[in-house]
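Here is the structure we will look at.
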Amino acid sequence: MIDIADEALWHHGARESLLDAAFGPERFTKTCERLREGRLPAIALSATDSGNGALIGTVRLWHVTVNGCRALLLGPLAVSQDHQGCGLGAKLMRAGLNRAAMAGHQAVILVGDAEYYARFGFSAELARGLDLPGPVDRARLLATELVAGALSNAHGLLCADGAADPMRGDNRRGPWGRPKLRLDA
(Lines give C-alpha, C1' and ligand atoms only; values in the text may rest on other atoms or scores of the structure.)
Protein backbone atom coordinates (compact mmCIF):
# COMPACT_ATOMS: atom_id res chain seq x y z
CA MET A 1 0.00 0.00 0.00
CA ILE A 2 1.22 3.52 -0.84
CA ASP A 3 0.33 6.79 0.87
CA ILE A 4 0.61 10.17 -0.86
CA ALA A 5 0.59 13.15 1.47
CA ASP A 6 2.23 16.49 2.12
CA GLU A 7 5.98 16.23 2.37
CA ALA A 8 7.15 16.07 5.99
CA LEU A 9 10.31 17.67 7.37
CA TRP A 10 11.78 14.25 8.10
CA HIS A 11 11.48 13.33 4.40
CA HIS A 12 14.27 15.80 3.49
CA GLY A 13 17.21 13.37 3.62
CA ALA A 14 15.33 10.55 1.92
CA ARG A 15 14.04 12.94 -0.77
CA GLU A 16 17.55 14.21 -1.51
CA SER A 17 18.86 10.63 -1.72
CA LEU A 18 15.99 9.68 -4.04
CA LEU A 19 16.67 12.68 -6.30
CA ASP A 20 20.42 11.98 -6.32
CA ALA A 21 19.71 8.38 -7.38
CA ALA A 22 17.26 9.50 -10.08
CA PHE A 23 19.15 12.49 -11.52
CA GLY A 24 22.67 12.52 -10.04
CA PRO A 25 24.53 15.59 -8.83
CA GLU A 26 24.08 17.24 -12.25
CA ARG A 27 20.46 17.89 -11.24
CA PHE A 28 21.73 21.08 -9.60
CA THR A 29 23.01 22.37 -12.94
CA LYS A 30 19.69 22.24 -14.76
CA THR A 31 18.03 25.45 -15.89
CA CYS A 32 14.85 24.86 -13.84
CA GLU A 33 16.99 24.76 -10.71
CA ARG A 34 17.56 28.51 -11.17
CA LEU A 35 13.83 28.98 -10.53
CA ARG A 36 13.76 26.64 -7.51
CA GLU A 37 16.93 27.57 -5.66
CA GLY A 38 16.41 29.51 -2.47
CA ARG A 39 12.62 29.12 -2.57
CA LEU A 40 10.04 27.08 -0.73
CA PRO A 41 7.83 24.87 -2.88
CA ALA A 42 4.18 25.83 -3.30
CA ILE A 43 3.21 22.14 -3.17
CA ALA A 44 5.42 19.25 -2.03
CA LEU A 45 4.08 15.71 -1.96
CA SER A 46 5.71 12.49 -0.82
CA ALA A 47 4.76 8.91 -1.60
CA THR A 48 5.59 6.52 1.19
CA ASP A 49 5.32 2.78 1.62
CA SER A 50 2.60 2.41 4.25
CA GLY A 51 4.22 -0.80 5.48
CA ASN A 52 7.58 0.63 6.50
CA GLY A 53 7.14 4.41 6.00
CA ALA A 54 9.99 4.59 3.45
CA LEU A 55 9.88 7.50 0.99
CA ILE A 56 9.44 6.04 -2.51
CA GLY A 57 8.33 9.05 -4.56
CA THR A 58 8.28 12.84 -4.62
CA VAL A 59 6.85 15.71 -6.63
CA ARG A 60 7.18 19.43 -6.01
CA LEU A 61 5.64 22.50 -7.62
CA TRP A 62 7.06 26.02 -7.35
CA HIS A 63 5.65 29.52 -7.76
CA VAL A 64 6.73 31.32 -10.94
CA THR A 65 5.53 34.36 -12.85
CA VAL A 66 5.78 35.28 -16.49
CA ASN A 67 4.84 38.75 -17.69
CA GLY A 68 2.47 39.21 -14.74
CA CYS A 69 0.88 35.76 -15.08
CA ARG A 70 1.28 33.50 -12.05
CA ALA A 71 1.82 29.77 -12.57
CA LEU A 72 3.51 26.76 -11.01
CA LEU A 73 6.69 25.04 -12.19
CA LEU A 74 6.52 21.28 -11.66
CA GLY A 75 9.60 19.31 -10.80
CA PRO A 76 11.34 17.30 -9.91
CA LEU A 77 9.14 14.24 -10.07
CA ALA A 78 10.93 11.06 -9.03
CA VAL A 79 10.07 7.50 -8.04
CA SER A 80 12.47 5.02 -6.44
CA GLN A 81 13.86 2.48 -8.85
CA ASP A 82 12.15 -0.36 -6.95
CA HIS A 83 8.72 1.22 -7.54
CA GLN A 84 9.02 2.36 -11.15
CA GLY A 85 6.61 0.98 -13.71
CA CYS A 86 3.67 0.59 -11.32
CA GLY A 87 2.00 3.95 -12.03
CA LEU A 88 3.30 5.79 -8.97
CA GLY A 89 4.67 8.68 -11.06
CA ALA A 90 1.24 9.15 -12.63
CA LYS A 91 -0.42 9.06 -9.20
CA LEU A 92 1.98 11.72 -7.93
CA MET A 93 1.32 13.85 -11.04
CA ARG A 94 -2.44 13.63 -10.60
CA ALA A 95 -2.19 14.39 -6.89
CA GLY A 96 0.02 17.41 -7.56
CA LEU A 97 -2.21 18.77 -10.32
CA ASN A 98 -5.35 18.18 -8.25
CA ARG A 99 -3.79 19.96 -5.28
CA ALA A 100 -2.78 22.87 -7.55
CA ALA A 101 -6.30 23.17 -8.99
CA MET A 102 -7.90 22.99 -5.54
CA ALA A 103 -5.57 25.77 -4.33
CA GLY A 104 -6.73 28.00 -7.20
CA HIS A 105 -3.62 27.83 -9.39
CA GLN A 106 -4.38 28.30 -13.06
CA ALA A 107 -1.43 26.82 -14.97
CA VAL A 108 1.52 24.45 -14.55
CA ILE A 109 4.76 24.48 -16.53
CA LEU A 110 7.51 21.84 -16.66
CA VAL A 111 10.46 20.59 -18.63
CA GLY A 112 10.12 16.92 -19.51
CA ASP A 113 9.22 14.21 -21.95
CA ALA A 114 6.28 15.42 -24.08
CA GLU A 115 5.03 11.88 -24.72
CA TYR A 116 4.85 11.07 -21.00
CA TYR A 117 3.28 14.34 -19.88
CA ALA A 118 0.71 14.66 -22.72
CA ARG A 119 -1.66 12.34 -20.82
CA PHE A 120 -1.83 14.98 -18.08
CA GLY A 121 -2.72 17.73 -20.55
CA PHE A 122 0.77 19.18 -21.09
CA SER A 123 1.84 20.44 -24.49
CA ALA A 124 4.68 22.41 -26.05
CA GLU A 125 2.09 24.57 -27.82
CA LEU A 126 0.87 26.08 -24.53
CA ALA A 127 4.49 26.90 -23.61
CA ARG A 128 5.58 28.33 -26.94
CA GLY A 129 5.72 31.95 -25.72
CA LEU A 130 7.63 31.08 -22.56
CA ASP A 131 11.37 31.26 -21.89
CA LEU A 132 13.55 29.96 -19.07
CA PRO A 133 16.54 31.73 -17.48
CA GLY A 134 18.99 29.46 -19.29
CA PRO A 135 19.15 26.92 -22.10
CA VAL A 136 16.28 24.52 -22.64
CA ASP A 137 15.24 22.04 -25.31
CA ARG A 138 12.08 23.79 -26.62
CA ALA A 139 10.40 20.45 -27.36
CA ARG A 140 10.63 19.62 -23.63
CA LEU A 141 9.21 22.94 -22.36
CA LEU A 142 5.57 22.04 -21.67
CA ALA A 143 2.55 23.61 -20.01
CA THR A 144 -1.03 22.85 -19.09
CA GLU A 145 -3.87 25.14 -18.12
CA LEU A 146 -5.92 24.25 -15.07
CA VAL A 147 -8.20 27.13 -16.06
CA ALA A 148 -8.87 27.53 -19.80
CA GLY A 149 -7.02 30.52 -21.26
CA ALA A 150 -4.76 30.99 -18.23
CA LEU A 151 -1.63 31.18 -20.39
CA SER A 152 -3.12 33.08 -23.33
CA ASN A 153 -1.27 36.29 -22.35
CA ALA A 154 1.78 34.61 -20.86
CA HIS A 155 4.83 35.46 -22.94
CA GLY A 156 8.40 35.99 -21.83
CA LEU A 157 10.86 34.87 -19.19
CA LEU A 158 9.73 32.76 -16.24
CA CYS A 159 10.80 34.32 -12.95
CA ALA A 160 10.97 32.71 -9.52
CA ASP A 161 8.22 33.79 -7.16
CA GLY A 162 6.88 32.67 -3.81
CA ALA A 163 8.43 32.51 -0.37
CA ALA A 164 12.17 32.39 0.15
CA ASP A 165 13.50 29.36 1.98
CA PRO A 166 15.04 30.68 5.20
CA MET A 167 17.22 27.55 5.45
CA ARG A 168 18.77 28.01 2.00
CA GLY A 169 21.05 30.78 0.86
CA ASP A 170 23.20 31.18 -2.21
CA ASN A 171 25.21 28.08 -1.24
CA ARG A 172 22.38 25.66 -2.04
CA ARG A 173 24.28 23.31 -4.28
CA GLY A 174 26.74 21.98 -1.72
CA PRO A 175 30.21 20.77 -2.74
CA TRP A 176 29.67 21.32 -6.48
CA GLY A 177 29.89 25.11 -6.17
CA ARG A 178 28.12 27.33 -8.70
CA PRO A 179 27.50 24.93 -11.61
CA LYS A 180 27.15 25.66 -15.29
CA LEU A 181 23.73 25.33 -16.87
CA ARG A 182 22.75 22.28 -18.88
CA LEU A 183 20.55 22.12 -21.94
CA ASP A 184 18.17 19.49 -20.56
CA ALA A 185 16.37 21.28 -17.75
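The values are calculated or read from the model by the stated rules, or taken from the named source; none is laboratory data. Nothing here was measured: the structure is a model prediction, and the numbers come from that model. All Cβ positions, even for glycine, are placed from backbone atoms using ideal geometry, and neighbour counts span all protein chains on display. Surface accessibility is based on the protein's heavy atoms, side chains included, excluding ligands, DNA and RNA. Shrake-Rupley method; radii C 1.70, N 1.55, O 1.52, S 1.80 Å.
Quick notes on this structure:
- Loop chymotrypsin sites (Phe, Trp or Tyr not before Pro), segment 66-123 (other Cβ atoms within 10 Å of the site Cβ: 11 or fewer; DSSP): none
- Global form of segment 44-83, assessed from the alpha-carbon gyration tensor, a/c cut-off 1.5: prolate
- Note on the chain: antiparallel DSSP beta bridges, both residues inside, total approximately 85 percent of the bridges counted.
- Selected from Gly57, Gly13, Gly38 as most flexible by GNM, with the chain as the system and alpha-carbon contacts under 10 Å: Gly13
- Solvent-accessible area per residue for segment 17-123 (1.4 angstrom probe, square angstrom): 41
- Take the Cα of Asp137, step 7 Å toward its Cβ, do the same at Thr65, and the gap between the two points is 3.2 nm.
- Electrostatic tally near Asp6: other residues with Cβ closer than 13 Å to its Cβ, Lys and Arg +1, Asp and Glu -1, net +1.
- Within-13-Å neighbourhood charge of Ser152 [Cβ basis; K, R +1; D, E -1]: -1
- Accessible surface of the chain [probe 1.4 Å, protein heavy atoms]: carbon and sulfur percent: 51
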